[in-house]
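The values are calculated or read from the model by the stated rules, or taken from the named source; none is laboratory data. Computed from a prediction, not measured in an experiment: that's the story for all the values here. Glycine also receives a Cβ, built like all others from the backbone with ideal geometry; neighbour counts cover every protein chain displayed. Side chains included, ligands, DNA and RNA excluded: accessible areas come from the protein's heavy atoms. Shrake-Rupley method; radii C 1.70, N 1.55, O 1.52, S 1.80 Å.
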Amino acid sequence: MHMAMASDAPGNEFRLGMLIYDTRYRSLTIQVIVLILFGLAVAWLLNNTVQNLEAKGRTFNYGFLWQRAGYDIQQQLIPYTNDSTHFRALLVGLMNTLVVAILGCIGATIVGIIVGVLRLSKNWLVSKLMTIYVEIFRNIPLLLWILFIFVPLGELAPNPTDFRVTEEMQAAGEEPRASMILFDTVAITARGVNAPYPLLERPLGTVDVAGIPFNLSVLAFLAVVGASFYANSLIRRRARAVQEATGVRPVIWWKSLLILFAPAIVFLWALGFHLEVPELTRFNFSGGVLVQNSFIALLIALILYTGAFIAEIVRAGILAVSKGQTEAAFALGLRPNRTMSLIILPQALRVIIPPLISQFLNLTKNTSLGIAVSYLDLRGTLGGITLNQTGRELECMLLMMLIYLIISLIISSLMNIYNRSVRLKER
Amino acid sequence: MSDTHAQTVRFVRDTMLPAATAPVGERGAVKWLRENLFAGPWNSALTILAIFVLYQALSSIIPWLLNSMWNAGSLSECREILAAKGDTSGACWGVIRTRWHQYMFGFYPPDLYWRPLLAFGLLFIALSPVLYYGSRQAATAIAGAATAFVLLALLGLGEGAGRLAVVGGVLLALTALAWVAPKKLVWVTALYAPVCFLLLWGGSVWSPVVALLGFGLIVAAYIWGQGVLGTVGSVGAGIVLAVLFWIYIDVPLAIALSAVVPIGLQPVASNEFGGFLLAIIIGVTAISFSLPLGILLALGRQSNLFIVKTLSVGFIEFIRGVPLITLLFTASLLLQYFLPPGTNFDIILRVIILVTFFAAAYLAEVIRGGLAALPRGQYEAADALGLDYWQAQRLIILPQALKISIPGIVSTFIGLFKDTTLVSFVGLMDPLRGVTQIVRADLDWKGIYWEPYVFVGALFFVMCYGMSQYSQYLERKLRTDHR
């Protein structure tokens, strides 16, 4: 009642000054001003761009994407020749970016968890070694690590011919200058790493969807593995139900092992799975798969660099769970490994997940440093050779930023969904 | 009674025994080893594995370091000397010895090295009031150390007595000022940017002076206009005046003044900058500009104003969603499209602007975390005191929010400093890739791998590790809760 009178008191007539001094209108005024300024800025930039394009006699269109690319890409996960279009090159580059990003995230997580846990180990030597690793990798630029691995790999590693044993050398009892590692299956050379390649004797063939071939054998294998996991979860659920009902948990580990591995092994055996090992021919290795040195350098550097950051996140997460939780678990009679898996990890995960997401994002964006080792990822194809060949800087750069932005948004939204599922349910 | 007692109890000890020494396994080095290295089979296995790894690493690194060879003009010469001594491996630091000036200054003219050195010394004097405001000891110690460092470096370069006297005089005067009135050093901080610009790029003395006049206009408008227009109005008017001044009057006035009174330093072009000089210029400038911008963005993202909030979120998410390399390429390739036809400004400046935006977006997220972590009561208390928005932010909210975010802010700065190496991809000569490429292209040093990278990496490590240690000091100093 009184409040209403108080606000009526100054009178209702509108004065210009009220736009700034009356809190009811001020926020509106500020927002309108900001909007006008923003609109002016955008208009200015667009106007400049249009004028500049006109001055250079250029247009803004993406037609060039359907022209012949005319350059080769060493590492291609989908079929590509230099007769393919620029758009196809973009897709190949995108796949190359994604494969480094995904393998990098998996590897960095594994390294990070191991190092983070070992840093908390009671073992003095191990925890100090891990501290040194973390500090060294966190305080030195990623670019240095990429070059540090790549340059010697390209220039110090032996040539394929160094692996050859000639008859004179045999007669003299000499060893070749270089030899393969891992039971003579992997050869590290200056041209790349020759590694075994999985092959099937009776493959299921491929099916083309929108120009991208899908390997049916791989899809079927994934389906078998997925079904095994589902069956395993059913077994575990039944075991838990029995435990709830009777208090005795049935022994299921051998069932789990069987159901997880037997179908996959039988499936691979049925398709005639074998590894094709690279063989030394006259001047080079044949068979197997040639992994680019640039790919290896980029991947290892990303894993080690991001792993150091993740290790710190994991350590902080475990330390964030208060000691009372561990003590309470021990008081309940839980064994240490059950305490870790049932009490500490679920709580630590909540602290770990959000910064982990931003590390995954960083790693994905850092794959663009492949430029330093000429790795043809999205930036190397679309933002590199395609840009230089067509001279369409504006189109290429904008499209590239858009794709990176979409990848980032997808990762962060996926991880946010996961984060929400493990978050503390507050009531 | 006593008889029977004496017979049943044959012996009663009436003195304390001295404490026995602990068993061998429970004291000294053995105990430490048992607890810290060999507690259980799993732990022992880890220790043995760690020792094995350590041995593998050190057995190749230590001989390489111990056989370091500093006096060699080329790689082949170094290898010959090492072979003559009978060593199989050894570091050839000769490459650093002959090329250190490029690692430090790029292609900056060697007879002008005193200018970046003086700017570097002044940087610390300008920083001291920021890092340790009002502390006489700290300010004097920093200024004295900077003076000593610059003078020693100039002596090492073999500069003439006249130049030594000028540089030494300036620095010693500032050291004296730090002792007499440490708070007055803020003026050094305020004037550092134009002075540093003049020292590094050279050219007419009038361009920075005239540019400074624009800021003078803002201050003047604030002082005289405050009564009439209020704080926001007067500052806004000042900014409008200053921008008009910079657009229309600045350049002609500077040209006219330098035609009348031509004083200045020998100009140095941007493409001559390189090495750690470039990394530090980009790093320090971007750090000092990204912090205020990041704070504004964070406040914008937390704001109630829908449009301000949307624009802030859009900016932050866009910048954080794309790699820094694409932003740097934007600086080198795309800005020519977005700016009025015919504008062409310095590539270092363009890169600094984009790196600043990049760091500001990350800082905004860090500071937003700090803002969100403050209890709501703090905001309500500020409202209850009748403080307006900016007063509340300045006096209540930001001091606490920034304190919480220190670790995140510093790690963003460290990340920014490491990211300065990426400028090599737009043709600038950063110490890591730019300079090393030039060095390795030299026939004398063709085939050198580890030494340049180890050297650059060690310098980066020292600087970044130093920053993280300072942040931990700051955290301890500002901690007010009782833990």
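Some points to look at:
- Test: residue in the range B:148-167 that is assigned to a helix (DSSP H, G or I), under 19 Å from the mean Cα position of the chain (by Cα) and surrounded by 14 or more Cβ atoms within 10 Å (Cβ to Cβ): yes
- Restricting the range B:113-141 to residues that are hydroxyl-bearing (Ser, Thr, Tyr) and in a helix (DSSP H, G or I), the residue that is most open to solvent (accessible area, probe 1.4 Å): B:Thr140
- Search result, residues across the range B:300-311 that are of a type outside the set (D, E, K, R) and either out of contact with any Lys or Arg (no Cβ under 9 Å at 6 or more places or on another chain) or facing another protein chain (nearest Cβ under 10 Å) (or both): B:Gly300, B:Ser303, B:Asn304, B:Leu305, B:Phe306, B:Ile307, B:Val308, B:Thr310, B:Leu311
- Checked against (1) surrounded by 16 or more Cβ atoms within 10 Å (Cβ to Cβ); (2) over 25 Å from A:Val277 (Cα atoms), A:Ala171 passes all but condition (1).
- A:Gly107 fulfils the conditions (1) more than 10 Å from chain B (Cβ to nearest Cβ); (2) in contact with a Ser or Thr (Cβ under 7 Å, 6 or more places away or on another chain); (3) buried (at least 16 other Cβ atoms within 10 Å of the Cβ) except for a single criterion, (2).
- Residue pairs meeting the criteria (Cβ under 7 Å; at least 6 apart or on separate chains; first more than 17 Å from B:Asn344 (Cβ to Cβ) and open to solvent by 70 Å² or more (accessible area, probe 1.4 Å), in the range A:42-64; second assigned to a helix (DSSP H, G or I) and of a type in the set (Gly, Ala, Ser)): none
- Residues satisfying the stated conditions in the range B:420-432, i.e. surrounded by fewer than 22 Cβ atoms within 10 Å (Cβ to Cβ) and part of a helix (DSSP H, G or I): B:Phe425, B:Val426
- Condition check for B:Thr231: hydroxyl-bearing (Ser, Thr, Tyr) and surrounded by fewer than 14 Cβ atoms within 10 Å (Cβ to Cβ): yes
- Some residue of the range A:88-95 being open to solvent by 10 Å² or more (accessible area, probe 1.4 Å), under 22 Å from A:Leu405 (Cβ atoms) and assigned to a loop (DSSP other than H, G, I, E, B): no
- Pairs where the first residue, in the range B:96-110, is among the aliphatic types (A, V, I, L, M) and the second is in a helix (DSSP H, G or I) and open to solvent by less than 60 Å² (accessible area, probe 1.4 Å), C-beta under 6 Å, 6+ apart: B:Ile96/B:Phe455; B:Met104/B:Gly275; B:Met104/B:Phe276
- Complete set of residues in the range B:438-453 that are facing another protein chain (nearest Cβ under 10 Å) and part of a helix (DSSP H, G or I): B:Arg440, B:Trp450, B:Pro452, B:Tyr453
- When residues in the range B:339-373 are screened for being on the phi < 0 side of the Ramachandran plot and surrounded by fewer than 16 Cβ atoms within 10 Å (Cβ to Cβ), 10 of them pass.
- Residues in the range A:129-173 that are under 27 Å from A:Leu290 (Cβ atoms) and more than 14 Å from chain B (Cβ to nearest Cβ): 10 in all.
- Checked across the range A:241-249, the condition of being under 31 Å from the mean Cα position of the chain (by Cα) and surrounded by fewer than 16 Cβ atoms within 10 Å (Cβ to Cβ) holds for no residue.
- Any hit, the range B:414-426, residues being over 20 Å from the mean Cα position of the chain (by Cα) and of a type outside the set (Asp, Glu): yes
- Here is the figure for the range B:332-367: residues that are within 22 Å of the chain's Cα centre (by Cα), charged (D, E, K, R) and farther than 14 Å from B:Phe318 by Cα total 1.
- Applying the condition of being open to solvent by less than 10 Å² (accessible area, probe 1.4 Å) and over 13 Å from the mean Cα position of the chain (by Cα) to the range B:269-290 and asking which residue is farthest from B:His101 (Cα to Cα) yields B:Phe273.
- Scan of the range B:77-112 for residues that are within 19 Å of B:Thr436 (Cβ to Cβ) and open to solvent by 70 Å² or more (accessible area, probe 1.4 Å), ordered by number: B:Arg97, B:Trp100, B:Phe107
- Note on the range A:376-427: among residues that are assigned to a helix (DSSP H, G or I) and among the acidic types (Asp, Glu), the one that is surrounded by the fewest Cβ atoms within 10 Å (Cβ to Cβ) is A:Glu393.
- Out of A:Leu120, A:Leu147, sole residue that is among the hydrophobic types (A, V, I, L, M, F, W, C), touching a residue at least 12 places away in the same chain (Cβ under 8 Å), buried (at least 19 other Cβ atoms within 10 Å of the Cβ) and closer than 30 Å to A:Ile357 by Cβ: A:Leu147
- In the range B:313-331, the residue that is farthest from the chain's Cα centre (by Cα) out of those that are hydrophobic (A, V, I, L, M, F, W, C) and within 8 Å of another protein chain (Cβ to nearest Cβ) is B:Phe318.
- Matching residues in the range B:178-190 - criterion: being open to solvent by 30 Å² or more (accessible area, probe 1.4 Å) and in contact (Cβ under 8 Å) with a residue 12 or more places away in the chain: B:Trp179, B:Lys183, B:Val186, B:Thr189
- Only one of B:Leu422, B:Leu402, B:Leu395 that is within 13 Å of another protein chain (Cβ to nearest Cβ) and modelled with pLDDT of 85 or more: B:Leu422
- Test result for A:Pro203, outside any loop (DSSP other than H, G, I, E, B) and surrounded by 12 or more Cβ atoms within 10 Å (Cβ to Cβ): no
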